[in-house]
Amino acid sequence: MNNLKTVWSDTPDTSAYPRPQMVRDSYFSLDGKWDYKIVKGDLSYMPSESEIYDGKISVPFSPESMLSGVNRTLMPEEVLIYRTVFTKQAYGIALLHFGAVDYKCKVYVNGNCVAGHTGGYTPFECEIQKFIKDGENELVVCVTDPSDTMPVSRGKQAIKNGGIWYTPSSGIWQSVWLEYLPETYIKRLIIRPDFDAKIVTISAITNTGCNKFEITTLDGKHCSSIDGVATLDCKDCTPWTPENPVLYPFEVKCGQDKVGSYFAIRKFSVGRRKDGKHCFMLNNKPYFMTGLLDQGYWSDGLYTAPSDEALVYDIELAKKCGFNTLRKHIKVEPLRWYYHCDRLGMIVWQDFINGGGKYNPFAILLLPNIGINVKDDKYAFYSRKDETGRKLYYEEMKEITELLYNCPCIALWTPFNEGWGQFDSLKACRYLRSLDDTRIIDHASGWSDQGGEIRSIHKYFVPFKMPKREKRPVILSEFGGYSMKIEDHAFSDKIFGYAIFNDKDKLDAALKRLWEDELIPAKELGLCASIYTQLSDVQSEVNGLVTYDRRIVKVDEKALKKLNDDLVKLYSE
């Protein structure tokens, strides 16, 4: 059993406001100790009033995690039942929120089924005012999770962990909370900065279709909506960059409802350097993105960070090492993580979630790495025969894009990674572009290249060299993976990595050679961005800059920062 504790393990805290771009005064957290029970069955199982529970689980930590207090894997043939009670706090529309529940669930309030949801990475909400009463109310959530036994979106979760596959995080793994709202309330904001026009447009989607609202900025400026859209003049705003991440708070009022939010003025695009080579652009200027692969796993909480402070630690460590980008790898984080990237100045590349059947190593590893790319409309070849799974992928893509659209930090979307459940990637990119035309898209990270907008390369074991005769922008979206196991801070005796080091000085020297001999020369030849594997150790993978428990930083932070500073020098120099 994993017993690696982070410095936050003994005082876990998930009380921070869950949606920093939709802040209200009426917020009542339901996180904490709930009753739980695991039984054989499916979602047809409904607990009785006299149900005897197995014990207590700490929400929002998954049962597989140390911090849940359960330390038990939810198997595909089982159902996890949660129960808690809450007291009605106010009158009006009672909106019950779930940040994320993996994978399929039903929600009951006082014995009434009020909601169901499929998909483990996006939030959902439901109005429950018709079902609650003064005094004590019962909330029950039933969950099933097939993990990697069915062709559903699962990320890197596997019932049998090992190598690059990790312990699942089943059930509730993000915060649960209540809000009490007026009859008309704001469901969603759409914040769209236009850097070239020096404006930001804001739309407010309400539950009643009302499109009249008022915007007030921190400096006292007022703006009314016209046909459901308010336009703010931003000619005097400071552009957002990782070096100067300026955010502008504002308030939206619609009838009796009021939410606090923020925006930034910035633009991500692909362009050309002065020498004519491709580059990524930030605010219409060439900008090299040097980043880390970030799995978002924690030794004590798995998918769920032990505290808000822990989220900040990872981002600040990356910045101390000179990185300006994090590639969030096949996981969607709680919205607080993106908020911290926004305010601290960290660019984010966001992966969507892979699914499909059992992956075919012949298709995923062998052929692409000898230069043979099979068209990804061959569903059986890519383990994507299940039509329902393909349909759910598009539904989740829409949900994730809408969820994260307003985050200034997000520069790039990655629909597919290394052929895992890849299908119709160019069609997926067209659909994604219809949802968001403001960001860069890496259609197929690593291999199984289908001719998208960007050539995306993963390179381990052998030196990276810029491809010849490539007419598209080139990014090195994974590389390195240099590993070093730290005794008493490793998940197990079995380790995985792409190059093994037993000495910190040798690891630092190898990183120096990697940057100076491969990355910096490649940048001069036109490389647009690079993502090193990885930020932290994850279970058997010991290739992080920091151990899985976040207690030991393995690298010389100042030396790595200097390497990154040399890498991202202005192209004009």
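In the list A197, A158, which residue meets the criterion of being closer than 30 Å to G357 by Cβ and without any contact (Cβ under 8 Å) to a residue 12 or more places away in the chain?
A158
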Original post:
Taking the stated definitions as given, is E136 over 25 Å from K328 (Cα atoms), touching a Leu at 6+ places or on another chain (Cβ under 7 Å), surrounded by fewer than 17 Cβ atoms within 10 Å (Cβ to Cβ) and free of Cβ contacts under 8 Å to residues at least 60 places away in the same chain?
Top reply: no
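Going by the structure shown, is V85 touching a Ser or Thr at 6+ places or on another chain (Cβ under 8 Å) and closer than 22 Å to G111 by Cβ?
No: the conditions fail for V85.
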Original post:
Among the listed residues T87, T149, which satisfies the condition of being touching a strand residue (DSSP E or B) at 6+ places or on another chain (Cβ under 7 Å) and not charged (D, E, K, R)?
Top reply: T87
**OP:** Quick one: in region 371-412, of everything that is crowded, with 21+ Cβ neighbours inside 10 Å and in contact with an Asp or Glu (Cβ under 7 Å, 6 or more places away or on another chain), which residue is nearest to Q21 (Cα to Cα)?
**Re:** P408
Subject >> Residues being more than 20 Å from the chain's Cα centre (by Cα) and either at positive phi or not assigned by TED's automatic domain parsing to the domain that holds L365 (or both) - total across region 424-474 >> reply: 5
Subject >> Matching option when the condition is under 30 Å from S9 (Cα atoms) and out of contact with any helix residue (DSSP H, G or I) (no Cβ under 9 Å at 6 or more places or on another chain), among G497, G526 >> reply: G497
Subject >> Failed item in (1) within 20 Å of L527 (Cα to Cα); (2) out of contact with any Leu (no Cβ under 8 Å at 6 or more places or on another chain), with G255 passing the rest >> reply: (1)
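Residues are listed down the side, and each one gets a yes or a no for (1) of a type in the set (D, E, K, R); (2) more than 21 Å from M22 (Cα to Cα); (3) within 30 Å of the chain's Cα centre (by Cα); (4) surrounded by 12 or more Cβ atoms within 10 Å (Cβ to Cβ):
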{"residue": "V200", "(1), (2), (3), (4)": "no, no, yes, yes"}
{"residue": "N211", "(1), (2), (3), (4)": "no, no, no, yes"}
{"residue": "S224", "(1), (2), (3), (4)": "no, no, no, no"}
{"residue": "V229", "(1), (2), (3), (4)": "no, no, yes, yes"}
{"residue": "D236", "(1), (2), (3), (4)": "yes, yes, no, no"}
{"residue": "W240", "(1), (2), (3), (4)": "no, no, yes, yes"}
{"residue": "P245", "(1), (2), (3), (4)": "no, no, yes, yes"}
**OP:** For region 2-20, enumerate the residues that are of a type in the set (F, W, Y) and over 20 Å from K33 (Cβ atoms).
**Re:** Y17
Original post:
Among the numbered criteria (1) of a type in the set (S, T, N, Q); (2) closer than 28 Å to D508 by Cβ; (3) more than 15 Å from the chain's Cα centre (by Cα), which single criterion is violated by T325?
Top reply: (3)
Subject >> Hits in region 275-308 (condition: more than 29 Å from D194 (Cα to Cα) and over 17 Å from the mean Cα position of the chain (by Cα)) >> reply: S299, D300
Original post:
For region 215-270, how many residues are farther than 24 Å from K285 by Cα, part of a loop (DSSP other than H, G, I, E, B) and acidic (D, E)?
Top reply: 2
**OP:** Give region 532-561 a look and list any residue that's among the acidic types (D, E) and part of a loop (DSSP other than H, G, I, E, B), or say none.
**Re:** D537, D549, D556
Subject >> Residue match in region 121-135 (condition: within 23 Å of F86 (Cα to Cα), over 18 Å from the mean Cα position of the chain (by Cα) and among the polar types (S, T, N, Q)) >> reply: yes
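Let's see how each residue does on (1) out of contact with any strand residue (DSSP E or B) (no Cβ under 6 Å at 6 or more places or on another chain); (2) closer than 22 Å to Y121 by Cβ; (3) modelled with pLDDT of 95 or more:
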{"residue": "P408", "(1), (2), (3)": "yes, yes, yes"}
{"residue": "W420", "(1), (2), (3)": "yes, yes, no"}
{"residue": "Y431", "(1), (2), (3)": "yes, yes, yes"}
{"residue": "G446", "(1), (2), (3)": "no, yes, no"}
{"residue": "I457", "(1), (2), (3)": "no, no, yes"}
{"residue": "R472", "(1), (2), (3)": "no, no, yes"}
{"residue": "S477", "(1), (2), (3)": "no, yes, yes"}
{"residue": "K485", "(1), (2), (3)": "yes, no, yes"}
**OP:** Can you tell me which residue within region 493-523, out of those that are acidic (D, E) and either in contact with a Pro (Cβ under 6 Å, 6 or more places away or on another chain) or at pLDDT below 95 (or both), is surrounded by the most Cβ atoms within 10 Å (Cβ to Cβ)?
**Re:** E518
Subject >> Looking only at region 369-380, and only at residues there that are assigned to a loop (DSSP other than H, G, I, E, B) and touching a Phe, Trp or Tyr at 6+ places or on another chain (Cβ under 9 Å), the one that is nearest to S448 (Cα to Cα) >> reply: N373
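Condition check ((1) farther than 29 Å from V70 by Cα; (2) outside any loop (DSSP other than H, G, I, E, B); (3) modelled with pLDDT of 95 or more) across all residues:
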position: C279; (1), (2), (3): yes, yes, yes
position: L311; (1), (2), (3): no, yes, yes
position: L317; (1), (2), (3): yes, yes, yes
position: E333; (1), (2), (3): no, no, yes
position: R336; (1), (2), (3): no, yes, yes
position: C341; (1), (2), (3): yes, yes, yes
position: I353; (1), (2), (3): no, no, yes
position: F362; (1), (2), (3): yes, yes, no
position: L367; (1), (2), (3): yes, yes, no
Original post:
So which pairs qualify, if the first residue must be in region 391-407 and in the same structural domain as Y431 (by TED's automatic domain parsing), the second must be at pLDDT 95 or above and of a type in the set (G, A, S), the Cβ gap must be under 6 Å, and the two must be at least 6 apart or on different chains?
Top reply: E396/G119
Subject >> All positions within region 197-214 that are part of a strand (DSSP E or B) and not acidic (D, E) >> reply: I199, V200, T201, I202, S203, A204, I205, T206
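The values are calculated or read from the model by the stated rules, or taken from the named source; none is laboratory data. None of the values given here were measured: they were computed from a predicted structure. Glycine also receives a Cβ, built like all others from the backbone with ideal geometry; neighbour counts cover every protein chain displayed.
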